[in-house]
Structures are given as C-alpha cells and as structure tokens.
Amino acid sequence: MTKGILYDLDGTLLDSYDRIVEGVLETFASFGKPVKREDCRPEVSWEWLCTKRDIDFQRFLQRYNELLMSAEEAIDREIIRPFPDTISTLEAMAEMGIKQAVITRKVREQEAGEMVDRFGLGRFLTGIYVTPASKQQYPDKRSEAADAILDMVPTRGVYIVGDSEPDDVGTGLVLKERLPIEVNVVFLDRWEKGTTKADYLIKEIGELVQVVKDPAYARQHYPKDTGRRMLSGN
C-alpha cells in the first residue's frame, strides 16, 4: 500500500496572497472601514476584523465575492503563480508512487479547478475537493478531507499539508483521532510563526519530500515528544 498527500491550495501550492489581500482591502474600503495590509495576514480572522468594525460577516463575504479579481485575470497578471518548488515537489511525490489531491476552501468553487488546470497541476492529482465558503472564515474541512482520504484507499498513511494553523492543521488533528490510518499533519510555516500543533513544521513545500521520503530520519532528528519537528536547517 502507498501513502497519500492532501494539499491546501492557496498559500501552499500557489502563491495567491496578493490577490486575496487586494480583495480584502477593497472589500473593507467599500464599507468605509479600511484595514491595513498587515491586518490581512493568514492568521488574522476576517470575521474578527468585521466584528471590530461592526460589519456583518455574511455581507462582507458577499461583497468580497463581488469585488475579488477573477482567477483568470490574476493568473494572466501573474498575481497567482506556483511557488518555485511546487512542480518539482509534485513530480517527486509522483515518482515515489504517492497519491496526491488538493483540498481547498473557495468563495468561487469552480476556481480551484481553473487554477489547477492553468498551471498543469492536474496531472499529478487524483482529485480536487472544495469546501464552500461558509459563515466561518475557517469552515470545517473534515468531511471533504475524509472523502479525499477514502478515495485514496488503500493507503497506509496520509499527510495533510497546509499553511493555516486553524484551518488545515485543525482539520488534520481531528482526523488523526478519527481515522483508522496514520495521519501526519504538516504545517507550512511561510509566516515564520515558529510553533505549531502539527507533527511537522516546514518552511518551503519542497521540504515535504524529505519528510515523506525518509520518515525514519525525521523521527530521529525531530522526535514526537518535542511537540514539533523543525526542518530548514534547524
């Protein structure tokens, strides 16, 4: 039996930060209550920002959907692009016979497939699983993640990889307790938080190859009882 990997899309495989931030800035400005760019970091909840500015979160999401630049335009303007090591990482995993899929949250559900297709990522993936935007900024991805894992069966273990602690790591930790297979949670710390509840902490997606290829090395150098395993020269 083989292993499987579930990737988040935005911030993990694709650099779409500028598009998302511009959409958030424009949306708050449209309510006459602007925010600063630094307020839009991934760990800052949009719902919290709305509460602080007395904006109904459902209205915010609706307006954001209306104002957000289309994925097609953002790709054409190179505002959305793969990270430098995205393709090489997917290729390396495919060469190892590892099943790969994307699980993502989208206001516009069809855009996940459009983004994957435009960058040629689909040839590496067994599926794309989309969680619709909901009342919460961090909706429950568990059902979609479970579906993705079941589609990967038979697997002897799965890695859940993402750059959001409450969203991706939170989903992975719940699945670790509920699924009858080994679940490893990998936090992609692009914002250098330096701490996580995940099993592994990496700085670049390419480091995932080391984690998957040689788990014995990872266990030796980043033991579980530390609460985190740090790559990137640490």
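Pairs to check: Lys106/Lys197; Lys3/Lys193; Lys106/Lys213; Lys106/Lys203. Give those whose C-alpha atoms are more than 26 Å from each other in this structure.
Lys3/Lys193; Lys106/Lys213
Net charge in the neighbourhood of Glu73 (other residues with Cβ under 15 Å of its Cβ; Lys, Arg +1, Asp, Glu -1) is -4.
Local charge for Thr126 was computed over the other residues whose Cβ lies under 9 Å away, with Lys and Arg +1 and Asp and Glu -1, and equals 0. For the peptides 46-53, 16-23, residues were scored by their other Cβ atoms within 10 Å and the scores averaged per peptide; the highest-first order is 16-23, 46-53. Taking 0.36 nm per residue of separation and subtracting the Cα-Cα distance, full extension of the segment from Glu204 to Phe31 would add 58.7 nm. Full extension of the segment from Ile87 to Glu177, taken as 0.36 nm per residue of separation minus the current Cα-Cα distance, would add 29.3 nm.
Report the FRET efficiency, 1/(1 + (r/R0)^6), for Arg123 and Asp76, where r is their Cβ-Cβ distance and R0 is 25 Å, rounded to 0.05.
For Arg123 and Asp76, the calculated efficiency is 0.70.
Taking 1 over the mean of 1/r across every pair of different Cα atoms in the stretch 17-76, what Kirkwood radius in Å do you get? One over the average 1/r among Cα pairs gives 11.7 Å for the stretch 17-76. The listed peptides 157-164, 116-123, ordered by packing as a protection proxy, come out as 157-164, 116-123 (highest mean of other Cβ atoms within 10 Å first).
Scalar couplings 3J(HN,Hα) for the stretch 15-29, obtained by applying the Karplus form with A = 6.51, B = -1.76, C = 1.60 to θ = phi - 60°, are 8, 10, 4, 4, 5, 5, 4, 4, x, 5, 4, 5, 5, 4, 4 Hz; x denotes Gly and Pro.
Counting 0.36 nm for each residue step from Trp191 to Glu95 and taking away their Cα separation leaves a gain of 31.6 nm.
Values quoted throughout were computed directly from the atomic coordinates according to the rules given, and no laboratory measurement underlies them. Treat the numbers as computed from the prediction; the structure is a model and nothing was measured. Cβ atoms come from the backbone with ideal geometry, glycine included; neighbour counts cover every protein chain shown.
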